[in-house]
Amino acid sequence: MRIELVKRPQHSALFCALSPFLALGLTLVAGAIMFSLLGKNPFHALYYYFIDPLTGIWDPGNRWQLHELAIKAAPLILIAVGLSVCYMSNNWNIGAEGQFIAGAVVGSIIPVLLPGFQSWIVLPLMLLLGMAGGAAYGAIPAFFKVRFNTNEILTSLMLVYVAQLFNDWLVRGIWRNPEGMSFPGTIRFSEYAILPQIWPDSGRAHWGFVFALVAAVAVWFMMSKTLKGFEVKVLGQSPRAGRFAGFSQARMVFFAFLLSGALAGLAGICEVAGPIEHLNEKISIGYGFTAIIVAFLGRLNPLGIVAAGLILALTYLGGESAQIAIGVSDKAVRAFQGMLLFFVLACDTLIHYRVRIIRAPAVKTGEAAQNA
Amino acid sequence: MLEQIIITIATAATPLLIAAIGELVVERSGVLNLGVEGMMIMGAVSGFGVALTTGSPWLGVFAAIIVGALFSLLFGFLTLTLVTNQVATGLALTLLGVGLSGMIGETLVGQPGVKLENIYIPGLTELPFVGKLFFGQDPIFYISIVLTFAVAWFLFKTRAGLTLRSVGDNHGSAHALGINVIGIRYLAVMFGGACAGLAGGFLSLVYTPQWIENMSAGRGWIALALVVFASWRPLRVLAGAYLFGAVSIGQLHAQALGIGIPSQLLSALPYLATIIVLVLISRNRRLTMINTPASLGRPFVPDR
């Protein structure tokens, strides 16, 4: 038995729309098998993963959970929207985690070093600094790629470790709160440096989620309605054609990395100025890497990414509720997310190819065809 | 003293060397597998788990190799049979490996480890200066050296090696010559997986004989960088791995001496060194162009 791919003359619109759902379905099946192997009732596990965090939709008592969902989804969507532009233009930025941390660190400069500076302008400055920090950190692999032809995958990833260690040093060293006992972390931000909540009555979701939605719509508009979006797609699919059209490959590398770096940086500063309220050593739960999955699950389309970001945020919350309710390890979340990306990539094959499963050896089918 | 330093450098270099040699073969066949980190950590957790339950470190090593190879098959099936994007699939393999290993290894955290003992040859191991270095290290060290030369010989001195390189340089022509491109790539990917698994097993059975989540700490990525650094040549991988081993041991010694530089910044040195080395090596555009397997990362669907 072999599997043979037959290229479709045109990509299948049906599977284009269907493949993310197919992938989700397969992930649920694989997840159910995984939970059974762990000795848990798979239906209970999947209920706590995907339904329990959503009970807030109809139950006002649990409305806070929807806020938590928005809090988790905000950085995922912000980062993934930026990454989609990178991946569309064939720039493999996998260091969003580092740009996220860089944004958080640079954005924290004002509230940490100038705690006395209290004015309404502090927060906008922090957000701008966060974006600048993320963009500057993203510019490093871009510069190396353009100037020295260095592989951006490896440099952007190495910079993640550097950023994590640098942040760790800051919050345990020169930026540590002297009154924080021996816990690593900076002083708590003043009220002017805190990102306001959207509806404080029912939960603590902050404006980062709104930024994420705005970013998604803005990038969607850019990609589908402007020349810049066309440039991104042309240079990504055929650099040669792009050159003939007069588009600059080098400038596109910078554009993609600066944009995704800025959005990751914004996600970083929103995370520390929002739910965490100070800078510490564990500001990210792997958002930068999970956002890669979000970008692909959303089929690199900013609007699809909003939906994908909510789904991946759900797995984080579901992981917590499943751990509390039935004792499934919180480590299962990462395995779950990894499986999801695998299925997404596998299902995308159906868009461009028809898959045929051939039972008889190839030679015999050839003969049979001749005889017939 | 000097001998001791060289031995510690060798211990730090061995996992990088093994994983990079495996990835070198994969890339020579034209496939870019970014999942080294994931295969490595899966090898580490399964090697440790099997050694702990059976009490035999050798069974652990064996399990690490098998699991690494099987895990790489997942990548192989997607990229070779379903022709998915190799970069994205490799990333997926790493994310899945890190997640799965954390889950599998949860009960293993804090368990006493089983160490693969260093070899001891009466008479030879006691030799001054060179005895411990040549006759008293862990068995995987010797495997790594033999592996490097075996791969160099295979790639450049055998017909099968030539076939593998031809697949990596021009899969269209290789296919036209009747070479089974996909089959060869499957074998190469599995060899890479087995090597990454062995490297992971080395970490949890020799380097620090215990299970710590994320214990590969980016070594899989450094191994990938080493392949580029070595411009796809096995003996240069050997040199590169020992250079990186020296950097990471150097920073550990500097931390122990307490020379006033914060430990986190010293820990960042191997990663910074990787970036610098990559930049220096890729500056020479012609050199990289000549050595890069021409079909690296390009999808292949046989026309019928």
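What's the exposure ranking of A:MET252, A:MET222, going from fewest to most Cβ atoms within 10 Å?
On the way: A:MET252 25, A:MET222 17.
Placing the least packed residue first, the sequence is A:MET222, A:MET252.
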### Task
Using only atoms on other chains, find how many Cβ atoms lie within 10 Å of each Cβ of peptide B:222-232 and report the average.
2
### Task
Compute the signed sum of charges (Lys and Arg +1, Asp and Glu -1) over the other residues within less than 11 Å, Cβ to Cβ, of A:GLN249.
+3
### Query
Short version: ³J(HN,Hα) in whole Hz for each residue of the stretch A:87-92, in order, from phi by Karplus 6.51 cos²θ - 1.76 cosθ + 1.60 (θ = phi - 60°), x for Gly and Pro, what are they?
5, 4, 8, 6, 10, 8
### Task
Kindly express, to the nearest 10 degrees and within the range 0 to 90, the angle between helix B:36-54's C-alpha long axis and the longest C-alpha principal axis of chain B.
50
### Message
Projecting each Cα onto the charge dipole of chain B (Lys/Arg +1, Asp/Glu -1 at the beta carbon, about the Cα centre), which of B:LEU32, B:SER216, B:VAL247 comes out farthest on the positive side?
### Response
B:LEU32
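Listed highest first by mean packing, meaning other Cβ atoms within 10 Å per residue, what order do A:166-172, A:12-18 come in?
Working: A:166-172: 21.6, A:12-18: 13.7.
Going from most to least packed, we get A:166-172, A:12-18.
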### Query
With a ≥ b ≥ c the root eigenvalues of the C-alpha gyration tensor of the stretch A:226-305, is it rounded (a/c under 1.5), prolate (a/b larger than b/c) or oblate?
prolate
### Summary
Once phi for every residue in the stretch B:282-299 is put through the Karplus expression 6.51 cos²θ - 1.76 cosθ + 1.60 (θ = phi - 60°), the whole-Hz ³J(HN,Hα) values, with Gly and Pro written as x, are 7, 4, 7, 4, 5, 4, 5, 4, 5, 8, 5, x, 5, 9, 4, x, 8, x
### Query
Can you give me the Cα centroid spacing of the stretch B:145-175 and the stretch A:201-255 in angstrom?
41
### Test item: B:280-289 mean partner chain Cβ contacts at 10 Å
3
### Summary
Exposed-loop cut sites defined as GluC sites (Glu not before Pro) in DSSP loop states with at most 12 other Cβ within 10 angstrom; longest site-free run of chain B spans B:127-304
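With a Förster radius of 22 Å, plug the Cβ-Cβ distance of A:ARG204 and A:SER224 into 1/(1 + (r/R0)^6) and report the FRET value to the nearest 0.05.
Details: r = 34 Å, r/R0 = 1.54.
Between A:ARG204 and A:SER224 the formula returns 0.05.
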### Query
Can you list the residues, at least 5 places off or on another chain, whose amide H is less than 5 Å from the amide H of A:HIS206, using H built in the peptide plane?
A:ILE198
## Note on the structure
Relative contact order in percent for chain A (Cα pairs under 8 Å, 6+ apart) equals 35
### Task
Sort out for me the Cα centre separation of the stretch B:46-74 from the stretch A:82-123, rounded to whole Å.
41
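A:ILE326 to A:GLN237: extension gain in nm, 0.36 nm per residue of separation minus the Cα-Cα distance?
On the way: separation 89, 0.36 × 89 = 32.04 nm, distance 4.67 nm.
Extra length available between A:ILE326 and A:GLN237 comes to 27.4 nm.
So if I take the alpha carbon set of the stretch A:199-358, get Rg, then get Rh from the Kirkwood formula, what is the Rg over Rh ratio? Don't jump to the answer; show the numbers that get you there.
Numbers: Rg = 18.8 Å, Rh = 18.3 Å.
Radius of gyration over Kirkwood radius for the stretch A:199-358 works out to 1.03.
What number, rounded to the nearest 500 deg cm²/dmol, is the helix-based mean residue ellipticity at 222 nm of the protein assembly as shown, given -39500 (n - 2.57) per DSSP H run of at least four residues and division by all its residues? If you can, show how the numbers build up before the last one.
Numbers: 29 runs with 460 residues, N = 676.
Result for the protein assembly as shown: -22500 deg cm²/dmol, rounded to the nearest 500.
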### Task
Using +1 at the Cβ of each Lys and Arg and -1 at the Cβ of each Asp and Glu in the protein assembly as shown, identify which of A:LEU18, A:ALA295, B:ALA199 lies farthest towards the dipole's positive end.
A:LEU18
### Query
Which cross-chain or sequence-distant (5 or more) residues have an amide H under 5 Å from the amide H of A:TYR353, H modelled 1.01 Å from N in plane?
A:ARG8
### Extreme residue, positive dipole direction of the stretch A:39-328, given options A:GLY261, A:ASN149, A:PRO200 (C-beta unit charges)
A:ASN149
### Query
Taking A:LYS72 as the anchor, which lysines have their alpha carbon closer than 22 Å to its alpha carbon, excluding any fewer than eight residues away along the same chain?
A:LYS282, A:LYS331
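Please compute the average number of Cβ atoms from other chains found within 10 Å of each residue's Cβ in peptide B:103-112.
Working: counts 11, 3, 1, 4, 1, 0, 0, 0, 0, 0.
Across the residues of B:103-112, the mean count of other-chain Cβ atoms within 10 Å is 2.
Values in this text are rule-based calculations from the coordinates and carry no lab data. These figures come from a predicted structure and were not determined experimentally. We place every Cβ from the backbone using ideal geometry, glycine too, and count neighbours over all the protein chains shown.
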